[in-house]
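Encoded as structure tokens, the structure appears first; notes follow it.
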């Protein structure tokens, strides 16, 4: 795998996610600069505030899911994912139901969970609920993410990327979460278990201590 190609794919995904909110900020600033109507200026300020919050949430997610996540060592609390996901879902048709207890896991596995939560959101084009649970076992912990809502489904390109059936040369940036998640899990010698039912997709990933 070419590291530069992987970096380019990540950058492409991050830019794709930021184009819309940053563009909205620019549009709002143009309205403020060109129009003296108080009502329009108020609406523009509201648009700028909402779009800035979206951009910040997407950047924080990208830093956690794709980046080095700071310099706090090799272990992170999974609550970091909860806080970023709440920001990310704040202006979304998808809500977050976090039921996992606060535990700490290797940084790469926390990054895997971040990508899995985003993958759950992407399974819900009509909205719904992403539920996150952590189930302890004698040998480690199993993280469960459920995406429930009308028409819930795992897109075929995301499934192929997750299972390692897509090469870096052919994967699209829209399947980035599945692709990175698959890479991270294979680094642990693990794979994601996926169960699809009407209006429900359930993911399970295990970390063996």
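Coordinate-derived values only; no laboratory data. Nothing here was measured: the structure is a model prediction, and the numbers come from that model. Cβ coordinates were reconstructed from backbone atoms using ideal geometry, including for glycine residues, and neighbour counts include every protein chain displayed.
Working from label points 7 Å from Cα in the Cα-to-Cβ sense, the residue 52 to residue 37 distance is 2.3 nm.
The angle between the Cα long axis of helix 79-89 and the main principal axis of the chain comes to about 40°, on a 0 to 90 degree scale. In plain terms, the chain from residue 194 to residue 27 could stretch by 56.0 nm, reckoned as 0.36 nm per residue minus the Cα-Cα distance.
A prolate overall shape is assigned to region 1-64, the ratio a/c of its alpha-carbon gyration tensor axes (a ≥ b ≥ c) being 1.5 or greater and a/b exceeding b/c.
The label-point distance for residue 104 and residue 90, in a model that sets each label 7 Å from Cα toward Cβ, rounds to 2.8 nm. Give the calculated FRET efficiency between residue 12 and residue 83 to the nearest 0.05, with a Förster radius of 30 Å applied to their Cβ-Cβ distance. Approximately 0.70, to the nearest 0.05. Label positions at residue 186 and residue 136, each projected 7 Å from the Cα along the C-beta direction, are separated by 3.3 nm. Compute a Gaussian network model of the chain, connecting alpha carbons closer than 10 Å, and tell me which residue from 47, 154, 88 fluctuates the most. Comparing 47, 154, 88 in a Gaussian network model of the chain, the most mobile one is 47. Picking from 49, 108, 134, which is most flexible by a Gaussian network model of the chain using Cα springs under 10 Å? Looking only at 49, 108, 134, the largest GNM fluctuation is found for 49. Computed from Cα atoms, the angle from the helix 107-122 axis to the main principal axis of the chain rounds to 60 degrees. Taking every alpha-carbon pair under 8 Å whose residues sit at least 6 apart, the chain reaches a relative contact order of 18 percent. Ranked by how many other Cβ atoms sit within 10 Å of their own Cβ, fewest first, the residues 123, 15 fall in the order 15, 123. Please identify, among 191, 131, 170, the residue showing maximal mean-square fluctuation in a Gaussian network model of the chain using a 10 angstrom Cα cutoff. Highest fluctuation among the options: 170.
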